[in-house]
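The next block holds one structure in the form of structure tokens; read it before the comments.
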Amino acid sequence: MTEETKSAILIAGPTASGKSALALALADEHNGVIINADSMQVYRELRILTARPGVADEAQAPHRLYGHVAGAEGYSAGRYCKDAAKAIAATREEGRMPIIVGGTGLYFRALLQGLAPIPEIAPEVRAHWRAAGERLGAVGLHKELQRRDPQMAERLRPTDPQRLMRALEVLEGTGKSLAYWQALPGVPVLKQDDTQRLLVMPERDILYQRCDRRFTQMLKDGAVDEVRALCQLNLDGGLPIMRALGVRPLMEYLHGKATLELAIERSKTETRQFAKRQLTWLRRNMNAWTSVFTK
């Protein structure tokens, strides 16, 4: 298939791998619009810590689905799929090439394979299980799921509160196990064979060095003040935004529970560990993508 017949360009890779620079270069070459596929870059409160594109990047090429969600919201893959479908359609209507870039594998999987057609869960049901998660913890949630839905309890780790809460809220909200819904086919947003799929995979040591250098730059750019402003919102600690790399260590520093030096080291360590997990996942699940390397 020639480049001219591609419906979209997809760029995946671990954090700090150089995906954004590649996306900008391809946007210049293909009259493209860059569409986010990173689960943390959707949040408007964390431009610095999530390495969202800067003002100069946004002036070079149009960007969509960056910073469009409030941190107080629990953004999901299902909502992302709907938002991305609209962004892709709008980009094509403008006669431009959608260039979808990010490190969240589930988002790419949703675009190419579709998601299970789970009905919307009532807000009160979600709030109930979020509160239950705070009260019971992961172990308690797992015991509750074992009692109500042994099949899903067998699939999920007893140390994963987010997925356990999701399984319980789906069971209560729909009357059916999450396993039932997951067995149903989803509807892809993009046809896989009609896309150019690029995987940015630096060597691990090089990637770790990039992670460390980037976090040092984030601190110079005001990451501590960004987290201070996030603290002032008094958000629920279980919200996805609170799991952004660097947030918890810097919060511990701001609350006097750690030195700045310790918070920096913890942030760099968790970033490198996250990058390692991403590398492993991407190699396992995206081995059919075309590997590219960036400087």
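Side notes on the structure shown:
- Listed candidates [x] 53, 43, 34; [y] 55, 49, 32; [z] 54, 40, 29 - label of the one calculated as Cα extents along the principal axes in Å: [y]
- As a rough footprinting exposure proxy, the listed residues T159, T104 were ranked by other beta carbons within 10 Å of their own, and the order from fewest upward is T159, T104.
- The chain: most fluctuating residue of A16, A275, A258 per GNM, C-alpha cutoff 10 Å: A258
- For the chain, the residue among G105, G18, P123 whose Cα projects farthest onto the positive side of the dipole built from Cβ charges is G105.
- With helices as the sole contributors, the chain gives -17000 deg cm²/dmol at 222 nm; each DSSP H run of n ≥ 4 counts as -39500 (n - 2.57), and the sum is divided by every residue.
- Region 227-295 versus region 104-179: alpha-carbon centroid distance in Å: 23
- Shape class for region 54-213: prolate, because the ratio a/c of the largest to smallest gyration tensor axis (alpha-carbon atoms, square roots of eigenvalues) is 1.5 or more and a/b beats b/c.
- Sorted by Cβ neighbour density within 10 Å, fewest at the top, the residues Y180, Y66: Y180, Y66
- For region 204-283, averaging the sequence separation of C-alpha pairs within contact (under 8 Å, six or more residues apart) and dividing by the residue count gives a relative contact order of 36 percent.
- Residue order, fewest to most beta carbons within 10 Å, for D28, D38, D236: D28, D236, D38
- For L10, residues with placed amide H under 5 Å, excluding near neighbours: I100, Q196, R197, L198
- For the chain, size of Cβ-based charge dipole, Lys and Arg +1, Asp and Glu -1, in debye: 720
- Under the criterion of Cα pairs below 8 Å and six or more residues apart, the relative contact order for region 12-102 equals 42 percent.
Any read-out appearing in this document is the output of simple, stated calculations on the displayed coordinates, not a laboratory observation. Everything quoted here is computed from the prediction, not taken from an experiment. As a convention, Cβ positions derive from the backbone with ideal geometry for all residues, glycine included, and neighbour counts pool all protein chains shown.
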